[in-house]
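For reference, the structure is listed below as structure tokens.
The values are calculated or read from the model by the stated rules, or taken from the named source; none is laboratory data. If you're wondering where the values come from, they're calculated on a predicted model, not measured in any experiment. So basically every Cβ, Gly included, is an ideal-geometry build from the backbone, and we count neighbours across all protein chains shown. With ligands, DNA and RNA removed, areas are computed over all heavy atoms of the protein, side chains included. Shrake-Rupley method; radii C 1.70, N 1.55, O 1.52, S 1.80 Å.
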Amino acid sequence: MKPSKASQTDGAEHMGSAAWELLLPAASAPARARGRSLQAALRAAVRSGRLAPGTRLPSSRDLAADLGVSRGLVTETYEQLTAEGYLRSGRGAGTWVGDAVRAAHPRARDLAPRPSGARADFVPGTPDLSLFPRAAWAAAQRQVLAELPHHDLGYPDPRGMPRLRTALAELLARRRGVVADPERIVVVSGVTQATTLLAIVLHARGVPAIGVEDPGSPQHDGVYASAGVTSVPLPLDDEGLAMGPLRSSGVRAVVTTPAHQYPTGIAYSAQRRAELLDWARSVDGLVLEDDYDGDFRYDRAPVGALQGLDPERVAYMGSVSKSLAPGLRLGWVLVPEWLADDLITLKRAIDLGHPTLDQALFARFLERGDYDSQLRRCQRAYRERRDALVAALDEHFPGAEVSGIAAGLHVIATLPERYGPQERFLARVGAAGVAVRALSDCVYARAGAWGDGDTAVRLVLGYAHVPPARIREGVRVMAEAVPGQ
């Protein structure tokens with residue numbers, strides 16, 4: 001279907017040879033797809049700018065002859081693209097590229113966080129993704145696809161599938177001591193969505209501000225700001241949130257990590273847990289409990305969730321981000337009865353509910369005991385890595401103190417003063433290819449015991465995603481980069 005020399009020359013005067021060649025593969029497409037292929041090729045040439053606005057196209061007769069296709073097919077293509085605005089035509093005046101289209105240069109960027117490429121990466125927050133149970137997950141997926149009723153592929157209950165909510169209620173009551181009514185469990189795409197939904201609902205009920213632990217998660221400001229709520233930093237003491245500043249702050253809602261505070265690593269004392277709930281009752285308020293790593297305690301059984309003490313004053317949030325993978329975007333929130341209807345209505349309005357296939361798959365994973373097996377596997381691996389990190393710090397940084405309970409996916413390490421000041425330490429360690437996070441990065445007030453006014457080197461070191469041998473190597477490299485004075 002090579003065009004004749006005369007016709008090709010004439011066409012090039014109109015369209016340009018490069019753009020002309022874009023249409024030739026479309027003419028070679030199977031007969032049933034040839035029309036769509038020609039439309040797509042011509043549309044792409046206009047979008048890319050290879051056919052500029054005002055370019056005159058060959059007549060349908062000439063283009064059909066050159067491409068070896070029917071004139072009717074070319075005519076239909078011209079008519080379709082004229083209707084869409086890509087082309088314009090006038091009776092007896094020919095067909096031209098329209099002026100409405102602007103050149104597009106599409107590209108797909110990947111904005112997902114990726115490994116830093118550091119020689120050793122101790123930045124916290126990431127589990128070991130190689131522990132994801134691919135074989136068990138794939139087996140559960142095959143079974144779910146084979147057994148799932150057709151009607152379950154319709155729009156779901158915005159709270160989540162009853163099967164999954166029931167399985168979650170059993171799991172959370174058994175492992176975390178939660179008062180788990182399946183009717184008040186809402187399946188969400190992670191703790192961030194749970195927090196955002198709660199913040200929007202509270203704001204609509206006249207709550208303008210939410211207290212946050214200081215130090216705490218650096219993500220809180222953005223999450224609450226998106227919901228129109230102000231975050232109020234509240235200091236900690238050795239037992240948890242300091243009650244004096246909380247009472248004087250005027251807030252009626254506060255987000256906490258009582259089982260294993262992030263980042264300090266403390267567990268709220270029994271006395272402080274009781275005081276926190278007394279405060280919530282006294283102000284008709286709410287505690288948002290983020291149980292982000294409550295299953296991972298290495299020296300004893302985990303302390304039960306705060307929600308179990310007063311389900312009407314605590315909204316409990318959790319996810320599989322640390323136990324399976326954050327990319328699954330799968331979590332849950334247990335809401336007090338007085339908030340349930342508002343939150344469910346909002347969840348329905350935002351996304352009509354979580355994907356049903358994912359829900360059914362995770363429900364089966366829970367029912368068969370695969371999730372419990374995964375938790376045990378992760379707990380063994382993460383305990384070994386924590387032990388390796390503590391031992392390496394003791395060997396290479398004599399006098400270093402590791403604070404917080406033996407739990408979770410990170411430790412706080414305070415190094416002797418001879419390794420400071422912190423700014424110099426971070427610069428030298430970074431130049432040596434070791435990625436770490438300073439505790440001061442998690443501080444809002446930037447002053448006092450945790451902030452910039454302190455010259456001590458305090459690090460938040462994540463270890464879950466780092467194999468033991470790499471942990472030991474990374475700590476050794478840090479010590480060589482910053483020898484104690």
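Laid out as a table, the results:
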read-out: Selection within the stretch 339-359 - open to solvent by less than 70 Å² (accessible area, probe 1.4 Å) and of a type in the set (S, T, N, Q); value: Thr356, Gln359
read-out: Selected residue (criterion: nearest to Gly125 (Cα to Cα)) from residues of the stretch 399-420 that are without any contact (Cβ under 8 Å) to a residue 24 or more places away in the chain and of a type outside the set (Gly, Ala, Ser); value: Val402
read-out: Residues being assigned to a loop (DSSP other than H, G, I, E, B), closer than 21 Å to Ile405 by Cα and in contact (Cβ under 8 Å) with a residue 60 or more places away in the chain - total across the stretch 295-320; value: 7
read-out: Tally, over the stretch 101-134, of residues that are modelled with pLDDT of 80 or more, hydrophobic (A, V, I, L, M, F, W, C) and part of a loop (DSSP other than H, G, I, E, B); value: 5
read-out: Which listed residue, of Val303, Val314, Val333, is at pLDDT below 95, buried (at least 17 other Cβ atoms within 10 Å of the Cβ), over 14 Å from the mean Cα position of the chain (by Cα) and on the phi < 0 side of the Ramachandran plot; value: Val303
read-out: Residue within the stretch 421-433 that is more than 30 Å from Val303 (Cα to Cα), free of Cβ contacts under 8 Å to residues at least 60 places away in the same chain, open to solvent by less than 30 Å² (accessible area, probe 1.4 Å) and among the aliphatic types (A, V, I, L, M) present; value: yes
read-out: Any chance Pro208 is open to solvent by 30 Å² or more (accessible area, probe 1.4 Å), farther than 18 Å from Tyr262 by Cβ and not small (Gly, Ala, Ser); value: yes
read-out: Scan of the stretch 192-205 for residues that are surrounded by fewer than 24 Cβ atoms within 10 Å (Cβ to Cβ) and within 17 Å of Arg165 (Cβ to Cβ), ordered by number; value: Gln193
read-out: Test: residue in the stretch 230-238 that is within 15 Å of Leu346 (Cβ to Cβ) and either in contact with a Lys or Arg (Cβ under 7 Å, 6 or more places away or on another chain) or surrounded by fewer than 20 Cβ atoms within 10 Å (Cβ to Cβ) (or both); value: no
read-out: Matching strands (runs of 3 or more DSSP E) fully within the stretch 152-266 where at least 1 residues are among the basic types (Lys, Arg); value: none
read-out: Odd one out for Leu241, checked against (1) over 25 Å from Ile350 (Cα atoms); (2) buried (at least 23 other Cβ atoms within 10 Å of the Cβ); (3) in contact (Cβ under 8 Å) with a residue 60 or more places away in the chain; value: (3)
read-out: Residue selected from the stretch 360-405 under the condition touching a strand residue (DSSP E or B) at 6+ places or on another chain (Cβ under 8 Å) and open to solvent by less than 20 Å² (accessible area, probe 1.4 Å), by the criterion nearest to Leu145 (Cα to Cα); value: Leu389
read-out: Identity of the residue in the stretch 135-151, part of a helix (DSSP H, G or I) and of a type outside the set (A, V, I, L, M), that ends up surrounded by the most Cβ atoms within 10 Å (Cβ to Cβ); value: Trp137
read-out: Test result for Tyr292, among the aromatic types (Phe, Trp, Tyr), in a loop (DSSP other than H, G, I, E, B), in contact (Cβ under 8 Å) with a residue 24 or more places away in the chain and surrounded by 19 or more Cβ atoms within 10 Å (Cβ to Cβ); value: yes
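Results for (1) under 21 Å from Ser130 (Cβ atoms); (2) at pLDDT 95 or above, shown as yes or no for each residue.
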residue	(1), (2)
Asp372	yes, yes
Ile405	no, no
Ala413	no, yes
Arg424	no, no
Val429	no, yes
Ala445	no, no
